[in-house]
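To start, the structure itself, in structure tokens.
The values are calculated or read from the model by the stated rules, or taken from the named source; none is laboratory data. If you're wondering where the values come from, they're calculated on a predicted model, not measured in any experiment. Quick reminder, even Gly has a Cβ in these numbers, built from the backbone with ideal geometry, and neighbours come from all protein chains shown. Quick note on the areas: whole protein, heavy atoms, side chains included, nothing else; ligands and nucleic acids left out. Shrake-Rupley method; radii C 1.70, N 1.55, O 1.52, S 1.80 Å.
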Amino acid sequence: MKVLLAAVNAKYIHSNLAIYSLKANCGAYESQVKLMEYSINQYPEDIFQNLYQERADVICFSCYIWNIGMIEQVAGWLHQVAPHIRIWFGGPEVSFDVAERLESRLFVEGIMYGEGEDTFRDMMAVWNGDKDIRDVSGIGYRQTDGRICIHPARDFVDMSRLNFVYTRPEDFKNKIIYYETSRGCPFQCSYCLSSVEKKVRFRDLELVKKELQQFIDWEIPQVKFVDRTFNCKREHSMEILKFIKAQDKGKTNFHFEVTADLLNDEELEFMAGLRPGLIQLEIGVQSTNPETLKEIRRYVSFKKLSEIVRRIHAGGNIHQHLDLIAGLPFEDLQRFKQSFNDVYALKPEQLQLGFLKVLKGSYMREQDDTYGLIYRPEPPYEIMATRWLGYDDLLVLKSVEEMVEVYYNSRQFENSLDWLEGYFPTAFDMYEALARYYETEGLKGISHSRMARYEILLNFVRTLLNNEETHTFVQILTYDLYLRENVKSRPDWALKQDPYTASYVEFFRDETNREKYFAGYETYTTKQIQRMTHIEYFDFNVLAKDSEDAKRPVFVWFDYLNRDPLTYKSRNIEVDL
């Protein structure tokens, strides 16, 4: 018996926790199971050929909204050329319409719905002749006479009974590891499938600590917790935070999804003492409209959330990722603009402008007529219009989302955007104007290089500002450019540095500067230091904290050997030439 567990992940760097857990918890049958991971960026034909050549008896696919189209295509092809292969589906995308899907997809023999570990183990026993399929819960399947049979749902799994799924660190080189210490969510957000599962269950903390120690010892770059609300049980989350702080080796980053307004002073004070980059937080704001939040059953105080986000931001040691969702009830374009500006003002490291997905099984889908929801009938069921938001409005938000992703979330234009924002009524207006510029100049839909993005932003500014203001902006843009990278091919638009070249050479030759500036460069020669760093002249002080100090010119040295561990910006200081 050879059984394949196949997953098509959103990106190559992702790993599929679900199939690893199924294999790790199928008992005596584990040796018969092989994991097959792909990404949606691969050609379906290549995945099909690879699976076919495995000569499996059974292929089980892990199904989500982002991969179901490709999976059904590949599974259909497999059934055509190898009808003897038994095709089974599982996962959230197929758990809420089992009978309908089996009736319309004749190439699928069965579906495992709900949590899969115990169900998959039982099905392995069935395929090996050790169990009667009639005794298996949590499945729907096509009988030999063609009739569809749906068995009762299975009880929730005891989290502490599950085996640790990661045993070979070499399999996860350059990949994100996904890990869970709880399942379920205490909240009832109407757009989310986690609200369907009202009971929250936790894994035993001693097991969790043992497993986290493995990740730390293996020096895994990032461990992403998939717990829906990591901090819903304070003693659980604090014990984990204390453990990773105590065992930290400076290599592993831990990502948590939290509800910010639940964080108390003790937790915030503790987080302020963590190594920069040890943890990062994903915070779902979704909207700042009280009427919207009430309707989607998300009872969050944005005022309190804002205070906490600002307090964490002031510590300078934790990356914060804040989410908004467009298309929610009672939020038209103007009100969404306010939500955007409210959240943007908090200056998170990442701001994700997402679009409502009307998921099968969610309360939101039950209310689609009430809200006038028009959404794509195929996955990912993304919203196209609501009673409050037309498709033209949605297109505006789509264009703004692209600009935010390229310019804000890349963190490559931070100072430039902060300065430019002052010329617009709001941050949203700035991104909307930039998006219109892309549209009118025929720049949309093109894969621009990073350097091209700088030039496009500068050309956009030239259409708005006078020569003196543009001259100032050019230098701020140059500062942003060199903060990130010691570019060897200097852009034509940057100010000429020819008058200062000789002074730069002398700066690096001056032995007194080794002790003054070049800590960490003791083993490097003068020429090496000159190549590895950069000096730039600005005719105003880009480092100034007040307007008076900003008037004087400065020379700024960019030190790429010493970077901020959170932002990856180079150390940059004023130097005397």
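Residues considered: Ala99, Ala125. Of these, the only one that is among the aliphatic types (A, V, I, L, M), surrounded by fewer than 21 Cβ atoms within 10 Å (Cβ to Cβ) and within 22 Å of Lys34 (Cβ to Cβ) is Ala125. When the stretch 305-340 is limited to residues that are of a type in the set (D, E, K, R) and within 24 Å of the chain's Cα centre (by Cα), the one that is nearest to Val396 (Cα to Cα) turns out to be Lys337. The criterion of at least 1 residues that are among the basic types (Lys, Arg) and under 28 Å from the mean Cα position of the chain (by Cα) is met by the following helices (runs of 4 or more DSSP H) wholly inside the stretch 1-82: 17-24. Within the stretch 121-160, track down each residue that is among the hydroxyl-bearing types (Ser, Thr, Tyr), within 36 Å of the chain's Cα centre (by Cα) and either part of a helix (DSSP H, G or I) or farther than 25 Å from Ala28 by Cβ (or both). Matches in the stretch 121-160: Ser160 only. Entry remark, the stretch 476-513: residues being assigned to a helix (DSSP H, G or I) and open to solvent by less than 60 Å² (accessible area, probe 1.4 Å) number 16 in total.
Regarding Gln334, is this residue touching a Leu at 6+ places or on another chain (Cβ under 9 Å) and not in a loop (DSSP other than H, G, I, E, B)? No. May I ask you to verify whether Gly277 is small (Gly, Ala, Ser), touching a strand residue (DSSP E or B) at 6+ places or on another chain (Cβ under 7 Å) and open to solvent by 10 Å² or more (accessible area, probe 1.4 Å)? When the stated conditions are applied, Gly277 passes them. Of all residues in the stretch 188-202, none satisfies being touching a residue at least 12 places away in the same chain (Cβ under 8 Å), assigned to a helix (DSSP H, G or I), in contact with a strand residue (DSSP E or B) (Cβ under 8 Å, 6 or more places away or on another chain) and not basic (Lys, Arg).
Applying the criterion of being at pLDDT 95 or above and among the polar types (S, T, N, Q) to the residues of the stretch 298-349, the residue that is most open to solvent (accessible area, probe 1.4 Å) is Gln334. Restricting attention to the stretch 61-95, the residues being more than 17 Å from Asn50 (Cα to Cα) and among the hydrophobic types (A, V, I, L, M, F, W, C) number 7. Among the residues of the stretch 165-174, is any buried (at least 18 other Cβ atoms within 10 Å of the Cβ), of a type in the set (A, V, I, L, M) and in contact (Cβ under 8 Å) with a residue 12 or more places away in the chain? The answer is yes; a qualifying residue exists.
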